[in-house]
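The values are calculated or read from the model by the stated rules, or taken from the named source; none is laboratory data. On a predicted model such as this, the values are computed, not experimentally measured, just so you know. Glycine also receives a Cβ, built like all others from the backbone with ideal geometry; neighbour counts cover every protein chain displayed. Keep in mind that these areas ignore ligands, DNA and RNA; they rest on the heavy atoms of the full protein, side chains included. Shrake-Rupley method; radii C 1.70, N 1.55, O 1.52, S 1.80 Å.
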Amino acid sequence: ETTLGAAAAQSGRYFGTAISASKLGESAYTTIANREFNMVTAENEMKIDATEPNRGQFNFTNADRVYNWAVQNGKQVRGHTLAWHSQQPGWMQSLSGSTLRQAMIDHINGVMAHYKGKIYAWDVVNEAYADSGGGRRDSNLQRTGNDWIEVAFRTARTADPAAKLCYNDYNIDNWTWEKTQGVYNMVRDFKSRGVPIDCVGLQAHFNSGSPYNSNFRTTISSFAALGVDVQITELDIQGASPTTYANVVNDCLAVARCTGITTWGVRDSDSWRSGDTPLLFDGSGNKKPAYTSVLNALNGG
Ligand code: G3I
């Protein structure tokens with residue numbers, strides 16, 4: 001196959017990208033995005049600050065721009081994200097306790113109702129674990145009680161039973177890290193107690209501080225063995241080493257329940273860390289060596 005999406009589909013997987021509504025008028029951008037990818041994540045437009053700028057007043061204008069572009073072009077959509085300590089609107093940042101807990105529940109219900117039956121997988125909870133120590137990150141949500149994550153997942157399951165429900169985080173790629181083990185233990189606990197969780201999103205933002213490690217495959221297979229799908233949700237690699245990109249793809253292909261890969265943007269110039277030139281297309285839209293490496297890996301060799 002000659003595109004990333006078609007090559008991934010040979011094994012029943014998808015290959016996606018993050019999309020920004022603000023770039024959908026740029027044909028150099030949409031041409032590549034439409035040709036190569038068959039899964040879309042809104043880079044910012046489905047986040048809490050975007051979708052509920054005032055409490056109880058939902059705004060899906062930009063989220064729907066991304067959603068409609070994706071569906072009109074035959075792509076599936078990952079929802080990102082419903083409960084997160086970051087990118088909260090000001091009104092939510094100032095809440096605490098049971099009021100915040102209820103606001104979180106109302107937010108999940110409001111957004112999931114709008115997209116009911118239309119989303120492949122939701123990142124229900126994003127980045128809830130601390131960078132070191134293996135425990136929870138302190139946040140206003142965490143201070144509402146340790147059960148906030150499972151409440152979010154139970155709420156989400158009821159709101160849209162058709163969507164896969166994911167926990168998504170960064171720096172949980174390396175199997176030896178405490179953060180990885182912390183999230184692993186949470187998922188194991190959720191599965192043992194029947195808390196509804198279907199997938200784990202490994203963001204996979206690799207750089208010199210948190211580089212790709214060959215134990216990534218162990219991380220993927222270990223999560224999968226708990227009975228959840230694994231998705232690589234925000235892949236980018238500082239410097240875009242073709243070898244590292246191929247390793248990531250081959251690690252996913254090696255695990256049946258690794259269902260797809262999303263890169264966090266189309267061209268280097270679209271990246272949240274464009275100085276790292278971490279993506280598969282350069283700023284002019286040319287395919288980089290990493291692109292060819294990924295395509296070859298998806299094609300089986
Ligand atoms: O849209 C406004 C614009 O109107 C304003 O003029 C400008 C001035 O700062 O800001 C623009 O918003 C920015 C937005 O990106 C769109 O470009 C925000 O300031 C900026 O904070 C925001 O950054 C996003 C970041 O999440 C916020 O946390 C990045 O684009 C986005 O790539 C990044 O994505 C996250 C994932 O959601 C979760 N995992 C990590 C990943 C990378 O940080």
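Things to note:
- Student exercise, the stretch 155-280 dipole from Lys, Arg, Asp, Glu Cβ charges, in Debye to nearest 20: 380 debye
- Rounded to the nearest 10 degrees, the angle from helix 289-298 to the longest Cα principal axis of the chain is 80 degrees.
- Gaussian network model of the chain, Cα within-10 Å springs - most flexible of Glu234, Glu178, Glu26: Glu26
- The stretch 135-160 versus the stretch 18-96: alpha-carbon centroid distance in Å: 21 Å
- Using only alpha-carbon positions in the stretch 162-208, the gyration tensor eigenvalues give semi-axes of 21, 14, 5 Å once each is multiplied by 5 and square-rooted (largest first).
- Net charge in the neighbourhood of Ala7 (other residues with Cβ under 11 Å of its Cβ; Lys, Arg +1, Asp, Glu -1) is -1.
- Its Cα centre serving as origin, the chain has a Cβ charge dipole (Lys and Arg +1, Asp and Glu -1) of approximately 540 debye.
- Using a simple spin-label model with pseudo-atoms 7 Å out from Cα toward Cβ, Asn68 and Lys118 lie 1.0 nm apart.
- Heavy-atom accessible surface of Lys191, to the nearest 10 Å², is about 80 Å², with a 1.4 Å probe and all protein chains retained.
- All C-alpha pair distances within the stretch 26-130, sorted into 10 Å bins from zero, spread as 14, 46, 27, 11, 2 percent across the bins.
- Here is the size of the stretch 98-154 from its Cα atoms: Rg then Dmax, 12.6, 37 Å.
- Taking Cα centre as origin and charging only the Cβ of basic (Lys, Arg, +1) and acidic (Asp, Glu, -1) residues, the dipole magnitude of the stretch 163-225 rounds to 160 debye.
- Of Gly134, Gly283, Gly12, the one that fluctuates the most in a GNM where the chain has Cα springs shorter than 10 Å: Gly12
- Candidate aspartates and glutamates for bridging to Lys288, where Cα separation is under 19 Å - those fewer than 8 sequence places away on the same chain excluded: Glu1, Glu36, Glu234, Asp236, Asp268, Asp270, Asp276
- Taking a quarter of the surface of the Cα convex hull of the stretch 193-299 gives a mean projected area of 7.1 nm².
- Kirkwood hydrodynamic radius of the stretch 118-249, from inverse mean 1/r over distinct Cα pairs, in Å: 15.2 Å
- Acute angle (nearest 10 degrees) that the helix 61-72 long axis makes with the longest principal axis of the chain, alpha-carbon atoms: 40 degrees
- Taking the C-alpha atoms only, the angle from helix 178-193 to the longest principal axis of the chain is near 60 degrees.
- Compared with the alpha-carbon gap, the fully stretched path from Arg35 to Ala225 is longer by 65.0 nm at 0.36 nm per residue.
- Applying 1/(1 + (r/R0)^6) with r as the Cβ-Cβ distance of Glu26 and Ser96 and R0 = 45 angstrom yields a FRET efficiency of 0.65.
- Computed Kirkwood radius, in angstrom, where 1/r is averaged over Cα pairs of the chain: 19.2 Å
- Helical mean residue ellipticity (222 nm; -39500 (n - 2.57) per DSSP H run of 4+; nearest 500) of the chain: -11500 deg cm²/dmol
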